[in-house]
Amino acid sequence: MGLFNSTVLEVAVGIIFIYLLLSILCTSANEWVAAMTRRRGEMLRKGIYQLLGGQPLKEGGQSNEFLKAFYAHPLIASLMHDKRHPAYLAPRTFVAVITDILTGSKPGSVEFDHFEKGGEALPIGNVRTSVLALVQRSNKDLEQAQLATEAWFKDAMDRVNGWYKRRTQLWTIIIALLLTLVANANTINIVKKLGNDPVLRTAVVEEAKVRAQKPRPTISVEYADQDDPTNPTITKNEGNELSQNEMDLLGQILGWHDNVFYDKNGYSWSKQIWLERFIGWLLTILAISLGAPFWFDILNKIINIRFAGKAPEEPKK
Amino acid sequence: MFKRFQIIFMVIVLVATPLSVRADITVSLTKGFVQKNKDRATISTTFNVDHAHKKPNKIGTGSEDGDIHIAGRDSVVFLPMVAEILNGKRENDTFKFLMGLTEGQEVSLTGVWRLWFEHPGSEDQIQKKNSVPIPDNTNPDHIFEFHPITKFGNFDCRDSFLPVADGGKEFRGYSADKAFADYEKRPGTITKTTNGIMITSNQAKYNYVEFDMRLTGKPKEVDDGYIVLANVFNAGSSDEEEPLTEQPRRMIFVKGSPPGDKIATMSKGDSLHVLGIPRVNLNEVFAIANGMSGHDEYAFGGLPYEIIIVALLED
């Protein structure tokens with residue numbers, strides 16, 4: 001018997017399909033958590049605090065006066081909605097506000113000396129140290145000083161992006177863990193169910209074929225006017241919703257159908273069962289963390305092998 | 001029991017393999033750079049020549065492409081990079097000038113910009129002023145290239161955009177079906193950040209490709225070249241054959257080069273037999289990044305790409 005007989009391939013299609021559905025749920029949950037926790041905005045707030053926090057405006061002033069002045073500035077205040085921190089801040093806006101605070105909102109044109117003296121006039125603190133270090137390399141040129149300030153902000157934003165990415169990855173793992181445990185998405189169990197139940201397996205494979213025909217969850221680009229190859233239009237194919245059939249199948253395959261701690265005879269589950277569960281959950285968590293686009297591609301490829309021909313094309317981009 | 005073991009083994013392999021083999025590299029670009037160059041063929045810069053080939057590559061197959069490799073740093077792009085002169089043997093005067101330069105010497109350079117994950121190495125590459133290390137050899141880890149160079153010092157190299165040949169030998173590139181099958185499926189993730197755009201992919205193959213292109217629109221003139229959408233076919237294919245790509249792809253021509261002069265006279269439906277090299281399509285990348293709202297990262301079916309046409313080939 002070869003490894004790649006029909007049952008094995010159908011089980012593989014089934015497990016990949018389940019991974020895809022769970023990954024889609026995980027992505028949706030992650031986006032929801034990001035929106036609820038205002039993740040991007042909060043990371044930006046933290047990054048700006050690192051730059052501007054701990055700086056009084058006058059001797060004997062409060063330590064965060066400069067930061068408060070930054071947020072009170074009309075250019076920043078106009079970006080806040082219901083006291084929510086903006087998710088993005090243009091470097092030029094940052095530079096404009098810093099320049100304005102340092103020069104005391106001087107009307108008319110601003111010179112390098114105004115900028116430098118504004119920095120020197122600040123009491124000891126993070127901003128004073130940074131601004132004076134930046135102007136030292138500016139050859140007494142305001143434009144260069146502002147470019148250096150912009151670079152200072154961009155460096156901080158690179159760090160913010162790193163934090164954001166790591167936080168998103170962490171949430172992906174947390175959500176994958178919760179989803180796996182709540183749904184009892186045990187890979188080994190799923191494989192057993194699909195292997196032992198030909199009716200269920202057939203239903204899953206049929207639904208996987210339907211999913212593979214749907215557009216990939218992506219943004220696609222099209223040059224609608226063939227005479228203008230510089231002006232593309234984009235189409236979003238979110239694909240982040242599960243159909244009722246897919247939800248029903250997940251309900252049949254996943255879930256806590258047995259008592260968590262005891263078997264039907266009232267005995268505690270053996271260590272072997274717990275080990276198997278642990279491995280099964282771990283495999284599922286790892287699989288979900290690979291993301292929906294990855295499993296979508298794998299599903300398409302394996303369906304092409306299994307059914308000896310390419311699945312119907314998604315609509316032309 | 002054995003069958004169950006087979007299935008579990010297969011699932012473990014299925015999950016473990018991608019975890020172990022994914023070696024994605026990210027290049028981080030400023031939004032301004034992408035916006036400025038997305039519809040340009042070339043970039044002009046001042047280039048520090050750190051290492052250069054002592055002779056052009058041989059002409060044969062695969063990496064024997066007749067190019068001259070130069071590794072260095074520049075004053076515009078700020079990424080690890082190499083610059084390559086096409087048809088090294090033909091560009092004798094340029095080569096002599098190159099050999100006369102001292103290590104680290106500055107020279108003005110214009111070349112076709114090319115972002116491609118052919119030699120990405122293992123470290124992410126971030127576009128940042130004064131951050132590029134001095135390369136150790138003629139082929140450091142890089143994602144950015146000037147390839148081909150169109151002007152080196154005072155030497156105009158656009159006449160190098162010809163079939164790569166020496167005596168009886170001619171370099172032809174990979175076949176279109178093989179190369180485009182790979183280009184169409186290159187993995188790619190676009191991440192929009194506050195200040196820039198990150199492109200993530202893994203190591204690419206099939207540097208040069210030979211193919212027939214059939215124009216699906218008229219060429220659009222841009223500052224330094226022409227851009228045209230075209231369907232792609234195997235060299236010598238008949239009119240009835242299906243294109244090799246899902247949709248027409250952008251073809252980039254340099255103004256003043258032999259392919260550029262030719263495309264300027266062509267119109268929709270015309271065909272060419274060409275040699276090309278792929279690069280990331282920053283026009284699409286920019287559009288995708290601009291289309292993101294609420295998503296900071298998006299993985300999709302393929303790395304957006306376009307083809308730089310470096311030579312017209314005989315049928």
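The values are calculated or read from the model by the stated rules, or taken from the named source; none is laboratory data. Just so it is clear, the structure is predicted and the values come from calculations on it, not from any experiment. FYI the Cβ positions are ideal-geometry reconstructions off the backbone, even for glycines, and counts take in every protein chain you see.
Quick look at the numbers
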read-out	value
Any chance A:ILE302 is modelled with pLDDT of 80 or more, within 11 Å of chain B (Cβ to nearest Cβ) and assigned to a helix (DSSP H, G or I)	yes
When residues of the range A:30-61 are limited to those that are farther than 23 Å from B:THR193 by Cβ and either touching a helix residue (DSSP H, G or I) at 6+ places or on another chain (Cβ under 8 Å) or in the same structural domain as A:LEU242 (by TED's automatic domain parsing) (or both), the one surrounded by the most Cβ atoms within 10 Å (Cβ to Cβ)	A:GLN55
Qualifying residue in the range B:125-134 (condition: assigned to a loop (DSSP other than H, G, I, E, B) and under 17 Å from the mean Cα position of the chain (by Cα))	no
Verdict on A:ASN161 being buried (at least 16 other Cβ atoms within 10 Å of the Cβ) and in a helix (DSSP H, G or I)	yes
Close pairs (6 angstrom Cβ cut-off, 6 or more residues apart or separate chains): facing chain A (nearest Cβ under 9 Å) in the range B:217-234, surrounded by fewer than 19 Cβ atoms within 10 Å (Cβ to Cβ) anywhere	B:GLY217/A:GLN226; B:GLY217/A:ASP227; B:GLY217/B:LYS268; B:LYS218/A:ASP227; B:LYS218/B:SER267; B:LYS218/B:LYS268; B:ILE227/B:LYS220; B:LEU229/A:GLN226
Candidate set: the range B:78-93, residues that are surrounded by fewer than 21 Cβ atoms within 10 Å (Cβ to Cβ) and either touching a residue at least 60 places away in the same chain (Cβ under 8 Å) or not assigned by TED's automatic domain parsing to the domain that holds B:LEU29 (or both); chosen: the one farthest from the chain's Cα centre (by Cα)	B:ASP93
Members of the range A:182-197 that are out of contact with any helix residue (DSSP H, G or I) (no Cβ under 7 Å at 6 or more places or on another chain) and in contact (Cβ under 8 Å) with a residue 40 or more places away in the chain	A:ALA183, A:ASN184
B:LYS96 being out of contact with any strand residue (DSSP E or B) (no Cβ under 8 Å at 6 or more places or on another chain), surrounded by fewer than 18 Cβ atoms within 10 Å (Cβ to Cβ) and part of a helix (DSSP H, G or I)	yes
Candidate set: the range A:116-173, residues that are among the aliphatic types (A, V, I, L, M) and within 14 Å of another protein chain (Cβ to nearest Cβ); chosen: the one farthest from A:LEU44 (Cα to Cα)	A:ILE173
Residues (of a type in the set (Gly, Ala, Ser) and in a helix (DSSP H, G or I)) located in the range A:184-204	A:GLY195, A:ALA203
The range A:192-217: number of residues that are touching a Lys or Arg at 6+ places or on another chain (Cβ under 8 Å) and either farther than 15 Å from A:ILE18 by Cα or within 14 Å of another protein chain (Cβ to nearest Cβ) (or both)	3
Selection within the range B:130-170 - touching a Gly at 6+ places or on another chain (Cβ under 6 Å) and either more than 14 Å from B:ILE308 (Cα to Cα) or without any contact (Cβ under 8 Å) to a residue 40 or more places away in the chain (or both)	B:ASP141, B:VAL164
Some residue of the range A:30-43 being among the hydrophobic types (A, V, I, L, M, F, W, C) and under 30 Å from A:VAL204 (Cα atoms)	yes
Those residues of the range B:100-116 which are modelled with pLDDT of 95 or more and among the hydrophobic types (A, V, I, L, M, F, W, C), in sequence order	B:VAL107, B:LEU109, B:VAL112, B:TRP113, B:LEU115, B:TRP116
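Okay, residues lined up against (1) surrounded by 23 or more Cβ atoms within 10 Å (Cβ to Cβ); (2) more than 16 Å from B:ALA83 (Cα to Cα); (3) away from every other protein chain (no Cβ under 14 Å):
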| site | (1), (2), (3) |
| --- | --- |
| B:TRP113 | yes, no, yes |
| B:GLU123 | no, yes, yes |
| B:ILE126 | no, yes, no |
| B:PRO133 | no, no, yes |
| B:ILE143 | yes, no, yes |
| B:PHE146 | yes, no, yes |
| B:PRO163 | no, yes, yes |
| B:PHE171 | yes, yes, yes |
| B:PHE180 | yes, yes, yes |
